[in-house]
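Notes follow once the structure below has been shown.
The values are calculated or read from the model by the stated rules, or taken from the named source; none is laboratory data. No experiment lies behind these values; they were computed from the predicted model shown. Cβ placement follows ideal geometry from the backbone for every residue including glycine, while neighbour counts extend to all protein chains displayed.
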Amino acid sequence: MSEQEAVFTKVVSAGKKKYYMDVRKAKTGSLYLTIKEVTIGDTQDKSESRRILVFDNAIKDFGEGMDEIRKHMPAKDSPKKESEKVAF
């Protein structure tokens, strides 16, 4: 399957990882979600990426599963970047 143009994109940075979440439209007109995790290595050849696809017929169950997981996994604040730290 060739990737189609993104309908919506959200990028989340978390330390040395970035998560790219794209809603795309297939040639058939159906929508699907791609989630790509990229771990930044010291050099480009040490970077890794993984991707999952969630099709529109599974998105409701996927979302409900993520909602349930969030109830059991409280979010922590992301560590501040060096440029965001305040010195006293």
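Brief remarks follow.
- Any hit, the stretch 44-58, residues being more than 17 Å from the chain's Cα centre (by Cα) and among the basic types (Lys, Arg): yes
- Failed item in (1) basic (Lys, Arg); (2) surrounded by fewer than 10 Cβ atoms within 10 Å (Cβ to Cβ); (3) modelled with pLDDT of 95 or more, with Arg51 passing the rest: (2)
- Flag if Ala26 is among the hydrophobic types (A, V, I, L, M, F, W, C), over 17 Å from Ser13 (Cβ atoms), at pLDDT 95 or above and surrounded by 13 or more Cβ atoms within 10 Å (Cβ to Cβ): no
- Residue in the stretch 31-48 that is modelled with the lowest pLDDT, counting only those that are more than 17 Å from Val7 (Cβ to Cβ) and of a type in the set (S, T, N, Q): Gln44
- Residue that is nearest to Leu53 (Cα to Cα) [pool: residues in the stretch 3-43 that are in a strand (DSSP E or B) and among the hydroxyl-bearing types (Ser, Thr, Tyr)]: Thr34
- Residue list for the stretch 3-23, restricted to those being surrounded by 10 or more Cβ atoms within 10 Å (Cβ to Cβ) and over 29 Å from Lys76 (Cα atoms): Glu3, Gln4, Ala6, Val7
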